[in-house]
Each structure stands twice: as structure tokens, then as C-alpha cells.
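I have placed the structure first, in the form of C-alpha cells, so that the comments after it can refer back to it.
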Amino acid sequence: MKTSLYISLQRKMMFITSLVSLAPILILGGTIFYQFSQMYREKIEEQIEYRARTQAEALDLFLKERTAILAAMADTHSFQYMSEGKHLSEIFEVMNRRAGAFVDLGIIDSAGQHLAYVGPYDLVGLNYYQQPWFGEVVSKGIYISDVYLGYRRLPHFIIAVRRQENQNTWILRATIDPDIFGNIVRAGRAGKTGDAYIINKEGIFQTDRRFGSGILTSSDLDPSRFGSRTTIIEKRNGLGENRLYAGTWLENGKWLSVISQEITEEMSGLFATRNAVIAIIVCGILAIVATTFITTRLTLNRFREADKKLNELNAQLVQSDKLAALGKMAAGVAHEINNPLAVILQKTGWMEDLLTEEEFQGSKNLKEYITSVKKIEEHVDRARKVVHGMLGYARRMEPKLEDVDVNQVIVQTISLLDYVARLRNIRIQTELAQDMPVTASDQAQLQQVFFNLITNAIDAIEKDGWVRITTRKDDSNIQVDIEDNGPGMSDDIQKRVFDPFFTTKEPGKGTGLGLWVTYNIMEKMGGHVTVKSRKGEGTTFSVNIPMVVPQKK
């Protein structure tokens, strides 16, 4: 029954202790990690946003410079001058020397006819009137195309400016080197998974990319999700990777510069921190659980021991109550026996008086009568001593301060144990100081102390030995030494001999309370009891009794 209660109590203690201990750690750890992850993510987004914005600014600057130099050449030279191949080549050289990245340069008239050309391809004589870009540049004046194949059947894009000279409209067109432009775009790639590329409004790649298909293929990004400013989105791509995309529209409004990064790589630091936090929390949880389990077990074991001792003490108290009742009954019986013994003793005295009369002096059985009467008196006296001892032992149940002759108490106690000692052939010797003063103390309690110590000495000897009782006094104390020639005790036993329920006797022959009770009686009296013993050489218990002058009566 109690085992189940202890198990239930242990579970409740462990649950409550663990809950109170772990809840703050989990809440604090979760909160710190959440705040840290938010800050970390914001930091990453700020970094990728900055890279996307600077990348777009670099591309815008590149295109503006090429457009400006192309427009400057168109504005500073006439159609007639530039239509001559020699002059166009000189202008082409100047443009590449000042800015670079031009692949070719051509003059196209208002009918779309390519009149002059400097570059690696043979484009003179081709007509672009039906090309989509031609209408754009004619209507807008400056035009940057998407990447397309054109007549050369290679991906490229052009910058074209329109010039109005008198009534004549002509176009100066240049092709931008895709490698140089691509290198600028690829500069935005970072880490092992970073990528940078450009897509147009339809989501068509205008530059190659680091992973997957390249120029003029369709992207899985929806350009409409990107606003006027740098926009960051998170998306799972076709390879199953969660990536961050930062997109910034270039100022021509046609191209979207995209910087992307796999989240796992960017968040690797956060994941490492998360794993460290989890490891610390798990270790903390294990430590708390282990500590809770150990402390709970220790506490419950203490409870069990205390409960066990309490039960034993309760049983002893019950036994003490029985003994007290038995003592009172013995006192009553002794009192009832004492009176008849007094009558018998009185009658034996009367009989002795009768035997001295003349009529009995002549009797031939006179000597036998006198011997019988003496025997009766001897045994009655012995019976009275036993009765007196029983009365004195019974009075210990009612402690009180009275005038006590310690020597007399010892003699009375010995009379109670004399028969037991003689049965075991144990001699009880006394060396009692003759000048022992009367002291104010509790006779019954002292008798119990001596009774316990002499009984233990007899039990220790078992048979064929001696017990020596010595009394002496100093200025303020009376000391009683009870020495025996028993087997003695080891140092470990001496340290525990006054502990409650500690006994070296066989089960059923001792409660382990006698010396504990003795020790407590002397402590309450203001005295003390000590022990000296050596294995194989016997034991001496010394009782120190404070000497108190009795009050005048």
C-alpha cells in the first residue's frame, strides 16, 4: 500500500520539479532562438538586398555609359561622315577606347537598310525595317533591346540611338559584348550556391545563370512579384531548394536583375547556432531530469527511513504503554502483598517471643521451631525487598525531584538483578563511596539508568564473569562507573551505541532503546553518560550525575 503511495509521490515530485525547472529553460531558449533567428534572417535579407541593389546600379551605370557615348557619337557626327567605312571605324575605335564593350557599330537609314557596318559580321545590306526593335528606336529615340538571335543567330542585345539630321532620320546601332556584360552580372554571385542573372518582363533569361538552362530560356520566377524597389521573396525552385531571390528592376524598366542564394547556405550559421542551443538545452534537460530523479529518490528514501523509525517508535511507545500499565498493576499487587508480609513478619516476631517462654523452652522441637521461624523471617524479608524493588521500579512512571541516595538506589537495583546474575554465575561487586551526599534527583529515573546499564553488562558477559560498580564524588558531580569483563566493543559500535534502535543483541532479545533512553534521561537531568571499551577487554559506562543540594523541608 505504502509502496504505491511512494511511487505516486515520486512521480508527482519528479513531474512538478521537472516542469518548474524545464519550463523556464524551454521558454527562454525558444524565445532567444526566435529573436536571434529573426535578427539573423533580417541581416541576411539586408545583405542580399544590398548586393541586388548595387548590382543593378552597376548594370545601370554600364548601360548609361554605353548609351551616352553612342548618343554622343551620333550627335557629333553627320550621317554623311559616319556612312563612310573609314570614319565609322575610327569612331568605333574611339568608343571602345573610351568605354569598351562594343562588338560592332552600324548605320541604318530610315528605311531600315544597313548602310555601313564595323564588326565581325557581314551585315551590310540587310534590312531591319521589319525587326521589332527598329520601330522602337524610331519611335523612342533611344532603345536597348532584349537579347535576341537576329540575323547572326547568336544571342546578343543592342543599343540604338536615332538621329534626326535635317529631314533625314538615321540610326546608329551598337552591339554590346555579351561576355563583358555577363561578367558584370556574374560578379553578383557569392558563395557556393549564389547566382546572379537578368530576366526580362516575360521571365526570359537575358544572361546565363550558374545552375540550369541559360540565355533565352524561361525562368520559373514571376517578374510581377517584384516591385519598383528591391524586393525579396523566398521560393522553392525546380531542384527542390529553398532560395531567397532579391530582384531590382533596371532603369530601362525592361530587365530585372536577380540575386539568389540558397537559404541553407545563408542560414548555416543560424543552423549551427540552433544545433548548439538544442544541444545545450538537451544536456540541461538531461542534467535536470537526472538531478531531479536522484534528489527525489534520496528524499523518498529519507521519508521511508523516517517512516520506518516512526513506526518502530510508535510500536515501542505502545509497548511502553503496556509496560506502564503492567508497572502500575505490579505496584498494586506489590502493595497488596506488602501488607500480608508485614503481618507475617509481625506474627513471626510474636512466635519468637512465645518461644522464649518457659513452657516452650522444654520442648524437644524448640531448636527446630526457632530455625523455622528464622527461615520464615529470612524469606519474608527477601520477599519484602523484592516487593519494595517492584514499587520503586513502578514509580519511574511518575518522575519527580526527591532526595536521592545514589548508593541506596544502586543497591536496590542490584537486588532486582541479583537473582539473574547468580543464575549466570556473574558476580556483582560494589565499591561505593561512604561519604556520598544526598542529592536532589529523580530516584526512579536513576534506577532505570542503573538497571539498563547493569542489565546490558550482564547480557554482554552472558555467564561466568563479574560486574564492578564504583561510586565517587567531586565538587559538583557524582560519578558512577559500571564496569564489566565482557567481550568489549569495537570503535564503530561505540560510536553508535547510543543511537535509537541500535542493538548488537540477537533479534527479539533487544529493542535498541535502553541506552538511548539512558542517554536522554541523563541529558535531561543535566548530566551525561559515556562509554569506554576495548575489544576483548570489557566495557565501562560512566554516569555523571549533577550534585544538587536538596531543598530544606
Q.
Suppose the chain between Asn252 and Asn425 were pulled fully straight at 0.36 nm per residue; how much longer would it get relative to their current alpha carbon spacing?
A. 49.6 nm
**Q.** Top positive-direction residue, dipole computed over the chain with Cβ charges, set Ile280, Leu345, Ala160
**A.** Ala160
(Q) Under a Cβ-only charge scheme (Lys and Arg +1, Asp and Glu -1), can you give me the dipole magnitude of the stretch 1-125 about the Cα centre, in debye to the nearest 20? (A) 1560
Q. Which of Leu401, Ile204, Val467 sits closest to the plus end of the dipole of the chain, meaning its Cα is farthest towards the positive end, when Lys and Arg get +1 and Asp and Glu get -1 on the C-beta?
A. Ile204
Q.
Please compute the contact order of the chain in relative form: average sequence separation of alpha-carbon pairs under 8 Å and at least six residues apart, divided by the residue count, as a percent.
A. 9
Q.
Taking each pair of distinct Cα atoms in the stretch 139-223 once, what is the resulting Kirkwood hydrodynamic radius in Å?
A. 14.6
**Q.** Using θ = phi - 60° and Karplus 6.51 cos²θ - 1.76 cosθ + 1.60, couplings along the stretch 203-220 (whole Hz; Gly, Pro as x)
**A.** x, 8, 5, 9, 9, 6, 10, 6, 10, x, 5, x, 4, 6, 9, 8, 8, 8
Q) How much length, in nm to one decimal, is gained on full extension between Ser224 and Asn365, taken as 0.36 nm per residue of separation minus their Cα-Cα distance? A) 35.9 nm
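Find how much the distance from Ile180 to Glu46 grows on full extension, using 0.36 nm per residue of separation minus their present alpha carbon separation; answer in nm with one decimal.
Details: separation 134, 0.36 × 134 = 48.24 nm, distance 2.77 nm.
Taking 0.36 nm per residue and subtracting the Cα distance, the gain is 45.5 nm.
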Q: Check each of the chymotrypsin sites (Phe, Trp or Tyr not before Pro) in the stretch 99-192 and keep only those in coil by DSSP with at most 14 other C-beta atoms within 10 angstrom; list them in order.
A: Tyr129, Tyr151
Q) Given N residues in the chain, what is Rg(Cα) / (2.2 N^0.38 Å)? A) 2.46
**Q.** the chain: angle of helix 406-423 to the longest principal axis, Cα-based, in degrees nearest 10
**A.** 90
(Q) Restricting to DSSP loop positions (anything but H, G, I, E, B) with no more than 15 other Cβ atoms inside 10 Å of their own Cβ, which GluC sites (Glu not before Pro) remain in the stretch 402-479? (A) Glu462
Q. Tell me, what is the FRET efficiency for Glu165 and Lys201 to the nearest 0.05, using R0 = 35 angstrom and their Cβ-Cβ distance as r?
A. 0.60
Q: Taking just the C-alpha trace of the stretch 96-148, give me its Rg and Dmax in Å.
A: 11.9, 33
Q: Could I have the simple spin-label model distance between Arg97 and Phe498, label points 7 Å from Cα toward Cβ, reported in nm to one decimal?
A: 11.6
Q | Point-to-point label distance, Leu313-Leu432, nm (Cα→Cβ direction, 7 Å offset) | A | 3.6
Q.
Quick check: the angle from helix 443-461's long axis to the longest principal axis of the chain, C-alpha only, nearest 10 degrees?
A. 80
(Q) How many angstrom lie between the Cα centre of the stretch 160-204 and the Cα centre of the stretch 340-359? (A) 152
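Considering only protein heavy atoms and a probe of 1.4 Å, how much of the accessible area of the chain is carbon and sulfur, as a whole percent?
Looking at the chain in its full context, I get 56 percent from C and S.
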Q) At a Förster radius of 56 Å, what calculated FRET efficiency corresponds to the Cβ-Cβ distance of Ala187 and Arg11, to the nearest 0.05? A) 0.30
Q) What FRET efficiency would be calculated for the residue pair Leu19, Phe303, taking the C-beta separation as r and a Förster radius of 22 Å, to the nearest 0.05? A) 0.55
Q | Compactness of the stretch 404-444 as Cα Rg over 2.2 N^0.38 Å, two decimals | A | 1.34
Q.
With the cut-off at 32 Å, tell me which of the pairs Lys374/Lys505; Lys86/Lys140; Lys308/Lys495 have Cα atoms farther apart than that.
A. Lys374/Lys505
Q: Round to the nearest 10 and give me the degree value, 0 to 90, for the angle of helix 514-525's Cα axis relative to the longest principal axis of the chain.
A: 90
Q) Considering only Asn127, Ile108, Val94, whose Cα is most displaced toward the positive end of the charge dipole of the stretch 65-136, charges sitting on Cβ of Lys, Arg (+1) and Asp, Glu (-1)? A) Val94
Q: Compute the label zone of Tyr121 within the stretch 62-104: residues whose backbone N is under 12 Å from the point 7 Å along Cα-to-Cβ.
A: 103-104
**Q.** Mean Cα-pair separation over length for the stretch 97-227, i.e. relative contact order, pairs under 8 Å, 6 or more apart, %
**A.** 18
Q: Obtain the nm distance between the two label points defined at Thr3 and Thr54 by a simple spin-label model: each point lies 7 Å from its Cα along the Cα-to-C-beta direction.
A: 7.4
Q: Give a quick list of GluC sites (Glu not before Pro) in the stretch 245-291 that DSSP marks as loop, anything other than H, G, I, E or B, with at most 16 other Cβ atoms within 10 Å.
A: Glu251
Q.
Quick check: the distance between the Cα centres of the stretch 220-271 and the stretch 528-553, to the nearest angstrom?
A. 95
Q.
Over 10 Å intervals from 0, what percent of Cα-Cα pairs in the stretch 41-145 sits in each interval?
A. 13, 37, 29, 11, 8, 3
Q: Taking the Cα centre of the chain as origin, sum charge times position over the Cβ atoms of Lys and Arg (+1) and Asp and Glu (-1), and report the length of that vector in debye to the nearest 20.
A: 640
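The values are calculated or read from the model by the stated rules, or taken from the named source; none is laboratory data. Keep in mind the model is a prediction, meaning the values are calculated, not measured. For neighbour counting, all protein chains shown are included, and Cβ atoms are generated from backbone atoms with ideal geometry for every residue, glycine included. Keep in mind that these areas ignore ligands, DNA and RNA; they rest on the heavy atoms of the full protein, side chains included. Shrake-Rupley method; radii C 1.70, N 1.55, O 1.52, S 1.80 Å.
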